[in-house]
Amino acid sequence: RKEVEQDPGPFNVPEGATVAFNCTYSNSASQSFFWYRQDCRKEPKLLMSVYSSGNEDGRFTAQLNRASQYISLLIRDSKLSDSATYLCVVNIGYGGSQGNLIFGKGTKLSVKP
Amino acid sequence: SAVISQKPSRDICQRGTSLTIQCQVDSQVTMMFWYRQQPGQSLTLIATANQGSEATYESGFVIDKFPISRPNLTFSTLTVSNMSPEDSSIYLCSVGSPNQPQHFGDGTRLSIL
């Protein structure tokens with residue numbers, strides 16, 4: 001089983017749609033969770049951290065369910081500029097290398113006019 | 001967040017040669033990392049660059065192939081040695097603190113002929 005698994009995608013949605021991405025992780029000792037966004041041929045950029053209580057940043061809502069080892073990202077009122085690959089990222093923090101991030105393969109979103 | 005500069009941004013190299021990639025940060029950072037992103041894949045951690053000591057390599061990566069230096073808290077280099085076409089990839093450095101999100105340089109796109 002892969003350490004971080006995401007929806008296979010791609011998601012093709014019209015402007016204004018609401019879209020949800022799901023992610024599961026296998027390591028129950030995982031300590032912190034993030035969503036990154038990666039545009040084509042660019043580096044990943046942090047979109048938002050994911051907190052146990054759930055958190056919202058404008059049109060973006062992230063949720064974490066530790067019992068089910070499940071993370072989600074909801075994008076409301078999609079914009080053309082939201083088109084990108086969304087990476088689910090988990091910090092497994094083992095040993096002395098507590099910066100070890102495990103990346104999902106990403107879900108590609110394409111928002112159409 | 002810190003400004004991270006990578007050089008070169010891209011290169012085309014002959015097989016059997018070596019290339020050193022530089023990562024410069026505009027402020028002192030606790031942790032620096034090197035990742036590889038092969039075509040169509042997600043990011044894989046190569047190693048954690050430790051200031052003043054040998055890097056900590058992940059499974060499947062060895063010092064002879066990917067020597068890393070980190071002489072101070074703002075600079076690191078990754079060398080890709082004796083390159084083959086399989087090394088064609090994007091190489092990214094990132095910076096961060098334990099259990100915090102990492103921020104990435106804009107990557108080095110490497111093609112091996």
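Only Cα pairs under 8 Å and at least 6 apart count here; give the relative contact order of chain B as a rounded whole percent. Mind dumping the intermediate values first?
Working: 277 pairs, mean separation 41.0, N = 113.
Reported as a whole number, the value is 36 percent.
Can you classify segment A:28-113 as rounded, prolate or oblate using the Cα gyration tensor, where a ≥ b ≥ c are the square roots of its eigenvalues, rounded means a/c under 1.5, and otherwise it's prolate if a/b beats b/c and oblate if not?
Numbers: a/c = 2.51, a/b = 1.50, b/c = 1.67.
Oblate, since a/c reaches 1.5 and b/c is not below a/b.
The H on the amide N of B:SER88, modeled in the peptide plane, is under 5 Å from the matching H of B:ILE112, each at least 5 residues off or on a different chain.
Using C-alpha pairs below 8 Å separated by at least 6 residues, the relative contact order for chain A is 36 percent.
In this Cβ point-charge picture (+1 for Lys and Arg, -1 for Asp and Glu), the protein assembly as shown has a dipole of about 280 debye about its Cα centre. Residues of segment A:10-38 falling in the label zone of A:LYS45, defined by backbone nitrogen less than 15 Å from a point 7 Å along Cα to beta-carbon, are A:35-38. Quick one: plug the Kirkwood hydrodynamic radius of chain B (C-alpha pairs) into Stokes-Einstein at 10 °C, 1.306 mPa s, and report D in µm²/s. Translational diffusion coefficient: 114 µm²/s. Could you please report the charge total around B:LEU110, scoring K, R as +1 and D, E as -1 over all other residues with beta-carbon less than 10 angstrom from its beta-carbon? Cβ neighbours under 10 Å give a net charge of +1.
Farthest towards the positive end of the charge dipole of chain A, among the residues A:ALA17, A:ALA67, A:ILE102, is the Cα of A:ILE102, using unit charges on the Cβ of Lys, Arg, Asp and Glu.
About the centre of its Cα atoms, chain A shows a dipole size close to 200 debye [charges on the beta carbon of Lys, Arg (+1) and Asp, Glu (-1) only; nearest 20 debye].
For A:LYS112, the lysines whose Cα falls under 27 Å of its own Cα, not counting residues fewer than eight places away in the same chain, are A:LYS42, A:LYS45, A:LYS79. If both residues of a DSSP beta bridge must be in the protein assembly as shown, then about 90% of such bridges are antiparallel.
None of the figures in this text is laboratory data; all of them are computed from the coordinates on show. Remember, predicted model here, so these are calculated numbers, not experimental data. When we count neighbours, we look across all protein chains shown, and the Cβ atoms used for this are built from the backbone with ideal geometry, even at glycine.
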